[in-house]
Amino acid sequence: TAPARWAGAHFEQCEFLGLDLTDVALTDTNFIDCQFERCRLTRSVLKNAQLFDVQFATCQMQYVDFSRCNPFGFHVSFQDCQLDNAQFIGRKLKKTFFDTCSLRETYFVQ
């Protein structure tokens with residue numbers, strides 16, 4: 001069950017299955033060693049969110065601005081995800097993994 005309030009929450013070693021988080025504010029939320037599978041995160045707000053060792057599989061994540069995430073410990077992977085119109089501006093992606101993802105009009109700058 002999804003918590004009523006996501007902003008500022010801390011999740012460690014959690015698995016999220018089939019959740020609809022469209023337009024949900026995940027501001028200051030910490031996700032550590034978590035997995036999202038078949039979730040919708042379209043237009044979710046990730047301002048200062050920490051994504052450390054987070055895996056996304058078969059997720060819809062259009063218009064997500066990953067450049068607003070906490071830059072320290074940003075480590076994510078994507079498999080079979082829709083990341084159209086997402087932003088990764090100023091994000092270090094050296095170990096980021098994209099497998100069979102849609103990345104139309106996604107911005108990778110700096």
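The values are calculated or read from the model by the stated rules, or taken from the named source; none is laboratory data. All figures in this text were calculated on a predicted structure; none of them were measured in a lab. Backbone-built Cβ (ideal geometry, glycine too); neighbour counts: all protein chains shown. For accessibility, only protein heavy atoms count, side chains too; no ligands or nucleic acids. Shrake-Rupley method; radii C 1.70, N 1.55, O 1.52, S 1.80 Å.
Descriptive notes on the structure:
- The string of couplings for region 60-68 from the Karplus curve (6.51, -1.76, 1.60, θ = phi - 60°) is 9, 9, 5, 6, 8, 9, 6, 5, 8 Hz, one whole number per residue in order, with x for Gly and Pro.
- About its Cα centre, the chain has a charge dipole of approximately 360 debye under the convention of +1 per Lys or Arg Cβ and -1 per Asp or Glu Cβ, with nothing else charged.
- Candidate aspartates and glutamates for bridging to Lys95, where Cα separation is under 13 Å - those fewer than 8 sequence places away on the same chain excluded: Asp53
- What the chain shows is 57 Å² of accessible area per residue, with the surface traced by a 1.4 Å probe over protein heavy atoms.
- Near Asp65, the amide H atoms lying under 5 Å from its own belong to Leu46, Gln87; only residues 5 or more places off or on other chains count, and H is placed 1.01 Å from N.
- Counted over the chain with a bin width of 10 Å, the fraction of Cα pairs per bin, in whole percents, is 16, 56, 27, 1.
- Relative packing of 72-80, 59-67, 40-48, 16-24, which averages over residues the other C-beta atoms within 10 Å, highest first: 59-67, 40-48, 72-80, 16-24
- Under 20 Å from the Cα of Lys47 - aspartates and glutamates, other chains or at least 8 residues apart: Glu12, Asp20, Asp23, Asp28, Asp33, Asp65, Asp84
- Summarising the amide proton neighbourhood of His75: residues at separation of 5 or more, or on other chains, whose placed amide H is nearer than 5 Å comprise Leu51, Phe52, Asp53, Val54.
- Rounded to the nearest whole Hz, the Karplus-based 3J(HN,Hα) values (6.51 cos²θ - 1.76 cosθ + 1.60, θ = phi - 60°) of region 93-103 follow the sequence 10, 4, 9, 6, 10, 10, 10, 6, 10, 8, 10, with x at glycine and proline.
- The fraction of accessible area contributed by carbon and sulfur in region 1-103 is 46 percent, rounded to a whole number (1.4 Å probe; ligands and nucleic acids excluded).
- In this simple spin-label model, placing a label point 7 Å from the Cα along the Cα-to-Cβ direction at both Asp33 and Asp99 gives a separation of 2.0 nm.
- With the charge dipole of the chain set up from +1 on Lys and Arg Cβ and -1 on Asp and Glu Cβ about the Cα centre, the Cα lying farthest toward the positive end among the listed residues Asn85, Ala57, Gln13 is that of Asn85.
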